[in-house]
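Enquirer: Next up is a structure, given as structure tokens.
The values are calculated or read from the model by the stated rules, or taken from the named source; none is laboratory data. Fair warning: this is a prediction, and the values are worked out from it, not measured in the lab. Note that each Cβ is placed from the backbone with ideal geometry, even for glycine, and that neighbours are counted across all protein chains shown. Side chains included, ligands, DNA and RNA excluded: accessible areas come from the protein's heavy atoms. Shrake-Rupley method; radii C 1.70, N 1.55, O 1.52, S 1.80 Å.
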2 protein chains.
Amino acid sequence: MQRISFIGSGNVATHLAMSLKKAGCQIVDICSHTFSNAENLAGRVGAKAIHSYEELDQNIDLCIISVPDHAIVTLVNELKHKKFFVVHTSGSIPMDIFDGKFVDYGVFYPLQTFSKEKPVDFERIPVCIESNNKNKEKGLLELASRLSQMVYQLNSEQRKEIHIAAVFACNFTNHLYGIAQKLLESKQVPFEIIKPLIQETAEKVKDLNPIDAQTGPAVRNDAATMSNHMEILRNENDEYAEIYKLMSESILKNKKGK
Amino acid sequence: MQRISFIGSGNVATHLAMSLKKAGCQIVDICSHTFSNAENLAGRVGAKAIHSYEELDQNIDLCIISVPDHAIVTLVNELKHKKFFVVHTSGSIPMDIFDGKFVDYGVFYPLQTFSKEKPVDFERIPVCIESNNKNKEKGLLELASRLSQMVYQLNSEQRKEIHIAAVFACNFTNHLYGIAQKLLESKQVPFEIIKPLIQETAEKVKDLNPIDAQTGPAVRNDAATMSNHMEILRNENDEYAEIYKLMSESILKNKKGK
């Protein structure tokens, strides 16, 4: 798969297009509703910026749709009956949205949180691929392997579960960091103080299973500390107290050996 | 503060004694109920292993009590009226437990999660200090600064809040990693796949405030994705569904600009 076009010019499209270019692919067209974004990305990867699907070069090996989830279905309906091989990059949209609209289709889902300005090392980003055509799937596998050392052939149900797991391990975790920050700052303690602990907590599960790395009052069933914490939290913020209670109960229930 | 003894020989005592030794201090006695542990640590830092408080050399600059929280109060009662300067290493025990039992006392709390076997770089571990005696506090500050670049003079109320914040940012976060692992493995997806995302999520808040780094369906108020996730979770595990609901509501409520 050598000649590749993109629909979309957001964070995922940007990092993916640049990495594919670097891996030796030719980026043909960048199509985006926001034409200035398309132009910007096209300029960075030597592609052509276009306004409408009608202008898409049909002579390509792959068209990557990388737009927000809520826009994919409409887009696929507008795009249908193009002859090229098409994939989307979403974790939560099943592959079968292409059903009856394209002959060959699939998914190319990089599992990472991207910021436009922060460079990424694609080698260490897991890529989940899937296709209705086994030959095309082999092609995607080969393409993904040129970018990343972690390539997984997974079905739509598995990909959706990954997306849910990512909400827990990434989105909810970040929210816990935010709660920690608010608690600290309410007592004039800088957020800085807890950053090494945050890094070490993430570091630990590189080698340990989370259940073996679990520490704290809940897993020790240290009722005195927990009720003391709950009392303080109830005075400060009911919502945080509720999260404390639910999470502590869940840790205790799932504790090793139970 | 040059001549230092320890009561306790667990993870914190081990890392602290070894780091103080390396920083040029003399470790005098190691006192522990588990004598073999005391012997082991004493051997590593050139100290004397002892059984009972009566054998403690009184001619020291500092005695560091590093035992589980629930054991501290009893220990302090047994130890009282010794003439030396004493500190404990606990985040959640207030300094005033020493009140009326010692003349000079304080706290030396390293904010990190320690595993006995994993070497630590004390330079990057925040140390929170406190003392009832301003001169001794200066001495603790000087001592802590020989180990770490991050030394904070904080009172007991602030230290307790740090401990609660750490429960959120470390213990609860690790539990979320564990939930992610269970969700993935229920669909035969290896935990490996989400590890780069875990690392990146922790990495991001080195430079960004968590509220600015927040991503995911909740902060986007993406009701379709959330209700789809909830439906799947309710079929798999009610407890996880409840956590999903509470955390998502909390993210939405605390969202930037609200």
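Enquirer: Out of all the residues in region B:215-253, which are open to solvent by 30 Å² or more (accessible area, probe 1.4 Å), within 19 Å of residue A:180 (Cα to Cα) and polar (S, T, N, Q)?
Expert: The one that is open to solvent by 30 Å² or more (accessible area, probe 1.4 Å), within 19 Å of residue A:180 (Cα to Cα) and polar (S, T, N, Q): B:215.
Enquirer: Give region B:135-189 a look and list any residue that's part of a helix (DSSP H, G or I), open to solvent by 50 Å² or more (accessible area, probe 1.4 Å) and closer than 23 Å to residue B:239 by Cα, or say none.
Expert: Result: B:182, B:185, B:186.
Enquirer: Go through (1) open to solvent by 40 Å² or more (accessible area, probe 1.4 Å); (2) farther than 30 Å from residue B:64 by Cα; (3) not in a helix (DSSP H, G or I) one by one and return the number of the condition residue B:192 breaks.
Expert: Residue B:192 satisfies every listed condition except (3).
Enquirer: Output the number of the condition that residue A:79 fails; it satisfies all remaining conditions of (1) in contact (Cβ under 8 Å) with a residue 40 or more places away in the chain; (2) within 29 Å of residue B:230 (Cα to Cα).
Expert: Checking residue A:79 against (1) in contact (Cβ under 8 Å) with a residue 40 or more places away in the chain; (2) within 29 Å of residue B:230 (Cα to Cα), the one that fails is (2).
Enquirer: Which residues, taken from region B:202-212, are within 7 Å of another protein chain (Cβ to nearest Cβ), surrounded by 18 or more Cβ atoms within 10 Å (Cβ to Cβ) and either closer than 15 Å to residue A:114 by Cβ or free of Cβ contacts under 8 Å to residues at least 40 places away in the same chain (or both)?
Expert: Within region B:202-212, B:202, B:205, B:210 meet the criteria.
Enquirer: Tell me whether region B:46-59 contains one or more residues that are open to solvent by less than 20 Å² (accessible area, probe 1.4 Å), out of contact with any Gly (no Cβ under 7 Å at 6 or more places or on another chain), in contact (Cβ under 8 Å) with a residue 12 or more places away in the chain and of a type in the set (Asp, Glu).
Expert: No; the residues of region B:46-59 include none that is open to solvent by less than 20 Å² (accessible area, probe 1.4 Å), out of contact with any Gly (no Cβ under 7 Å at 6 or more places or on another chain), in contact (Cβ under 8 Å) with a residue 12 or more places away in the chain and of a type in the set (Asp, Glu).
Enquirer: Take the residues in region B:15-40 that are crowded, with 22+ Cβ neighbours inside 10 Å and among the aliphatic types (A, V, I, L, M); name whichever of them is farthest from residue B:146 (Cα to Cα).
Expert: B:38
Enquirer: Only residues that are open to solvent by less than 70 Å² (accessible area, probe 1.4 Å) and either charged (D, E, K, R) or within 14 Å of chain A (Cβ to nearest Cβ) (or both): list them for region B:96-115, please.
Expert: B:97, B:101, B:104, B:109, B:110, B:111, B:112, B:113, B:114, B:115
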